[in-house]
Structures are given as C-alpha cells and as structure tokens.
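The structure appears right after this line, and notes come after that.
The values are calculated or read from the model by the stated rules, or taken from the named source; none is laboratory data. This structure is a prediction, so every number in the text was calculated from the model and none was measured. Note that each Cβ is placed from the backbone with ideal geometry, even for glycine, and that neighbours are counted across all protein chains shown.
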Amino acid sequence: MDYKKIIADLVKIDGVSKEEIYASISVPPRRENGEFCLPCFKFSKSLRMSPVAIADKLKSELVLPPEIQSAESVAGYLNFKLNRAVLAENGLRAVAEKGDVFANKPSNGKTVCIDYSSVNIAKPFHIGHLLTTALGGSLYRIFNYLGYKAVGINHLGDWGTQFGKLVSAYKRWGNDADIEKRGVTALMELYVKFHSEADSEPALEEEGRRYFKLIEDGDEETVRIFERFKELTLKEVQKIYDRLGITFDSYAGESFYNDKMQPVIAELEDKGLLIESDGAKVVDLSDFDMPPCLILKKDGATLYATRDLAAAQYRHDTYDFYKCLYVVAYQQNLHFKQVFKVLEKMGKSWAADCIHVPFGMVSLEGGEALSTRKGKVVLLRDVLSTAVEKAEKIIREKNPELEDKAAVAEMVGVGAIVFSALSTSRIKDMVFSYDKALSFEGETAPYLQYTHARCASILSKGNYKCGELGNMDWNVLSDDESADVITLLNRYDDVVLDAAEKYEPCLIARYLLDLAQSFNRFYIDHRVISDDKKATAARLLLTACVKSTLKNGLSLLLINAPEKM
C-alpha cells in the first residue's frame, strides 16, 4: 500500500500539486515522530506563512482515514502515525499474496538494453571484471522484475592488433595440447611472452600487425586459429557466468560491427560532420568543451568510437530500446560523452536514451595494479573458489551437522563476493577483503543469508503454512519492533524502482540490511512461537514475509538464499 499517496491525497495546499506534495513526504529520523512526515518549509514563501503556521493549518483541515492513526504539527513538520493494525494487515497481506518467489510485474512494453561484462577474447576473466558483471547482471534482473524487457549484451572485445600478436605468439611458441588443457591461462602466457620478447625484438610488433591484417582479410588459417581462441575463452568464462547466475541475450562483439560501420561513416560525411584533422577523420566537439571524436585514423582504420556508433544504431534498429545502458568503468566517461554527443549531432532523437553507467576500480587488499601484459592478474574464478573454501571452513566450524555443506558454501562464498561489489555506490573504488566479505556479522551477504535461514528455521519449528488470514489478530503486531519491520516490507517495490531509476543495486543491498537488522531486533524482543496461538500465527506470518522478501531481494543481487546454514 502506498501510504505516501494516501497522505498526498489528504493534504490540500493552494498552488501545490499532489505530485509535489508526494515528492516532499519523507520518513522522520526518529520513530516517535511517526512513520511519515511532510516538511512545510518549502511552501512558506509561496503561501507567505511560517512553516509552523502551515503545518498547524494543514493539521486542522485533515480528516483522517482508517490507515492513519494520528497527525501532529511539530516545528514546521506535519507528522503522521499509521494505524498499526491496519498497517500490519495491509502490509503482510500484500507480501503474502506474492508467495515465496515474487513474480515479475506485467510487461510495460519497454526494452532496456544493458551492455555489461564485455570480456576480452583470449584474456583472463579477472577480479577487475567483477563490478561490470555484477552490476549489469543485477540491473538485468531488476528491470525484468519491474516489467521491462531487459536485453543483456556481452560486447565482446574480439577485434584489434592484440589478436594478431597472439596468433604470432601461438605460431612461435604455442602448444595445442597445453592450450586445450589450460585454456585462457595458456593463451595469456603466450600474450605475456610476446610482449616480453618484443622488448628485445621490435620486429615482432610488425609481425603481429601482419597477422591481424590476415584476420581482417579473412585468411582461412589465421581466422580458424583466432576462432579457436574465441571458443576456448567463451567456454571458460561461461563457467564463471554460471556460478554468478549471469545470462546474456547477445554476444555481438566488436567484430560483429565490421560491416556496419561504413553506413555510419557515410552518414557522418553526408551530414557534413566528418572533417579532416592531421590526416585523420574526426567529428568536431569543441562547442561542447570536448576534444574531437576520432572516427578514422590516418590509415583509414576504425576505432572504438566508430564501432560504438555502429553498435548504438544497430541496437536501436533491432530492439527499439527505451534505454540503452553501458555498464563500463568511469575511465571511459569522456569516450561515451563523445559518442553520445556525435549521435545527437547526427540527429538521432534517441541519443539521450543512451546512458553510461560508470563504476569504480576493484582491487584486492595489498594487491598490485592489474596488468594483463605483465601477467599480473587475479583470476575471478580463483577469487570465487577461495571464498567458497573459506565459507565451507566457517560453516564446518559453526554447524558441523549441516547437510549439503558444499552447496551452501557455494551460495555463501559466491554471494559474499557479489555482495561486496554491489553493497556500496558503484562509483566508489572497491578494495576487496575476504575476511570482511565472509563475516557472518556486519553488513555482508552471509549476514543476510543467515537471517533468511533463521526465518526458515523459525517457520519450520512453528509448522507454518501460508493459509487463510481472515482470523488473524493484527493488533498483535502493533508494537514498535513489528511496525518497523512491516513498514520496511511495505517499501520493497519502491526501493527496487529507485534502484532501477538510479542504476544503483546498492539501494537494494542497503534496504535488505535494514530489513534484516529490523527483523533481528524484533526476534530478540518478541517470542515468535509461544502458547498464545494468535500471537504465534501473526508473528509467523511476519517472519514468512521477511523470509520471502530477503530471498527475492537477494535474487535481484544475483545471490542465492540457503534454507539452512
């Protein structure tokens, strides 16, 4: 139930719309002031009244519905306290009707393309890929839940001179049996060896360029070697995606747009946007305080911007998107500003619907900067496996009798890694710590998973079965702790919507932590299962609603919730 809407409909302010009133309603910082408040300060100038006088006047004019217990004017705020029995009935009924797995909203007919992960062929899937993969995968689930058609796009890095260098390295030092056995690790070692040898043998660089030209020209043998590298890479990264619960609808990478760039270049020329600069072709963006966007090098070679323009046009033509998100690190801020501005200059009305979703850098505690060329990478598969091993050790110590320890450890370990990436604002740089992420206390995924398992245990002991709610005594849940939990449960969909609008899954993570902490306070202060059957029934229902909300919220963050821990 949308209590803010109920309050906005109640309050009448001359010259102020219901929408503006709705947007002004907030949650008081102190519980004793109620569940919602309307600050009256912003209306003071237009009404030519003090905030205190406005709040007093509004209170005197209110006719409260059953959902609102009282309204008080306090120092320029109009505070609202809800009828807690009605809050409990409406709030818990709404959650209970969703069941254990919340269904996606009805389709709104809009498509959101999400470009994320975008792994590089023949390069390892390292810890640096964690943020783009987790953020994009979470946003994919969030938008689907809200009724959008999400299209997950893995814009593969499968084009460039580096692949000619890799072919050169393979032909000089490659071992098919070793590559088949060790996959991308072996390919990476060949790549590192190439750069090491090229320091003393500069001619290797030219050889690398020659092999890439053969790939461009479709040379059968060279393309076959490169396609094998691509196949090995995708096979290996799919194992990581499976562990993370990541899915894609398209793997159209850079090479896919080779035959789609010329129409874009021709359009730029036809519209007089492509100018020559030192032999290269650029789009001038000086009017927007940006350097020119380079479209063609002196030798006629295309660049990232050329392919991204072609990709944007293709995605619009193919998916007719409502939004096209690019989940790419903040180092590419200028690149995307340039690309989107070029689209705008081309007259693409949908250019404003292309949105860069930047994020910070990721590193391990005490770790060096990542460098594929130097072989200094921390493989994501190793990070996940280490986290799972540590989780299993903790689980064996805490609950040696637990069945399926390995399966639970997988959920806890992988969940800890993902949550560490999604629990703070995406733009912040992330320093990953195994110990912090795997703690069962504090703001971590294991804490949330443990709270979910605690709920499952309570429900099992109470023989809870979701059924008829008609005889429920809702007044049992009128205490502060119960009301806090139910108020949070009522906010779930609003939080998910806010996370989608701001492209910030961390808002869901923060919400789930608040819910778990609120429930655990309730659990400490109130005995769920007792001789009082009505109290037991009401508190079991509240517990069931917390469990399902935690489970579904975690799923939007790519995290599984075990029934036992």
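Points worth noting:
- Residues satisfying the stated conditions in the range 135-160, i.e. aliphatic (A, V, I, L, M) and not in a helix (DSSP H, G or I): Leu146, Ala150, Val151, Ile153, Leu156
- Which listed residue is in contact with a helix residue (DSSP H, G or I) (Cβ under 7 Å, 6 or more places away or on another chain), in a helix (DSSP H, G or I) and either crowded, with 17+ Cβ neighbours inside 10 Å or of a type in the set (A, V, I, L, M, F, W, C) (or both), from Ile240, Ile246, Ile295: Ile240
- Residue list for the range 274-306, restricted to those being among the hydroxyl-bearing types (Ser, Thr, Tyr) and over 17 Å from Lys345 (Cβ atoms): Thr302, Tyr304
- Among the residues of the range 233-284, those that are among the basic types (Lys, Arg) and within 34 Å of the chain's Cα centre (by Cα) comprise Lys235, Lys239, Arg243, Lys260.
- Val495 vs. criteria surrounded by 17 or more Cβ atoms within 10 Å (Cβ to Cβ) and more than 30 Å from Lys533 (Cα to Cα): yes
- Considering only residues in the range 452-492 that are of a type in the set (Lys, Arg) and either touching a residue at least 24 places away in the same chain (Cβ under 8 Å) or in a helix (DSSP H, G or I) (or both), the one that is surrounded by the most Cβ atoms within 10 Å (Cβ to Cβ) turns out to be Arg454.
- Residue, surrounded by the fewest Cβ atoms within 10 Å (Cβ to Cβ), within the range 273-286, restricted to residues that are modelled with pLDDT under 95 and among the acidic types (Asp, Glu): Asp278
- Annotation note: Cβ proximity below 8 Å between a residue of the range 131-147 that is among the aromatic types (Phe, Trp, Tyr) and a residue that is part of a helix (DSSP H, G or I) (sequence gap 6+ or interchain) occurs for Phe143/Ala500; Tyr145/Val496; Tyr145/Leu556.
- In this structure, Ala516 does not satisfy being within 29 Å of Met411 (Cα to Cα), outside the structural domain of Met411 (by TED's automatic domain parsing) and not charged (D, E, K, R).
- Some residue of the range 474-481 being under 30 Å from Glu236 (Cβ atoms) and either touching a helix residue (DSSP H, G or I) at 6+ places or on another chain (Cβ under 6 Å) or of a type in the set (Phe, Trp, Tyr) (or both): no
- Residue within the range 382-395 that is among the hydroxyl-bearing types (Ser, Thr, Tyr) and at pLDDT 90 or above present: yes
- Condition check for Glu20 on (1) surrounded by 15 or more Cβ atoms within 10 Å (Cβ to Cβ); (2) without any contact (Cβ under 8 Å) to a residue 24 or more places away in the chain; (3) within 30 Å of the chain's Cα centre (by Cα): one failure, at (1).
- Failed condition for Lys213, given (1) surrounded by fewer than 17 Cβ atoms within 10 Å (Cβ to Cβ); (2) closer than 22 Å to Val151 by Cβ: (2)
- Residue check for Asn552: under 21 Å from Phe102 (Cβ atoms) and modelled with pLDDT under 95: no
- The residues of the range 506-546 that are crowded, with 23+ Cβ neighbours inside 10 Å and touching a Gly at 6+ places or on another chain (Cβ under 6 Å), listed by number, are Ile508, Leu512.
- Checked against the criterion of being touching a Lys or Arg at 6+ places or on another chain (Cβ under 7 Å) and within 30 Å of Ala538 (Cβ to Cβ), the candidates Gly34, Gly91 yield just one match: Gly34.
- Residue within the range 182-200 that is of a type in the set (D, E, K, R), out of contact with any Lys or Arg (no Cβ under 9 Å at 6 or more places or on another chain), modelled with pLDDT under 95 and within 29 Å of Thr247 (Cα to Cα) present: yes
- Criterion applied to Ser50, Ser26 was being of a type in the set (Ser, Thr, Tyr), modelled with pLDDT under 95 and more than 30 Å from His155 (Cβ to Cβ), and the one residue passing it is Ser26.
- Any hit, the range 250-267, residues being touching a Phe, Trp or Tyr at 6+ places or on another chain (Cβ under 7 Å) and hydrophobic (A, V, I, L, M, F, W, C): no
- Residue within the range 419-431 that is without any contact (Cβ under 8 Å) to a residue 12 or more places away in the chain, outside any helix (DSSP H, G or I) and out of contact with any His (no Cβ under 6 Å at 6 or more places or on another chain) present: no
- The range 125-155, subset among the aromatic types (Phe, Trp, Tyr) and more than 18 Å from Ile240 (Cα to Cα), residue surrounded by the most Cβ atoms within 10 Å (Cβ to Cβ): Phe143
- In the range 163-177, the condition of being touching a residue at least 40 places away in the same chain (Cβ under 8 Å), assigned to a helix (DSSP H, G or I), in contact with a helix residue (DSSP H, G or I) (Cβ under 9 Å, 6 or more places away or on another chain) and hydroxyl-bearing (Ser, Thr, Tyr) is met by at least one residue.
- Subset of the range 249-272 (residues that are in a loop (DSSP other than H, G, I, E, B) and either in contact with a helix residue (DSSP H, G or I) (Cβ under 6 Å, 6 or more places away or on another chain) or without any contact (Cβ under 8 Å) to a residue 24 or more places away in the chain (or both)): Asp259, Lys260, Gly272
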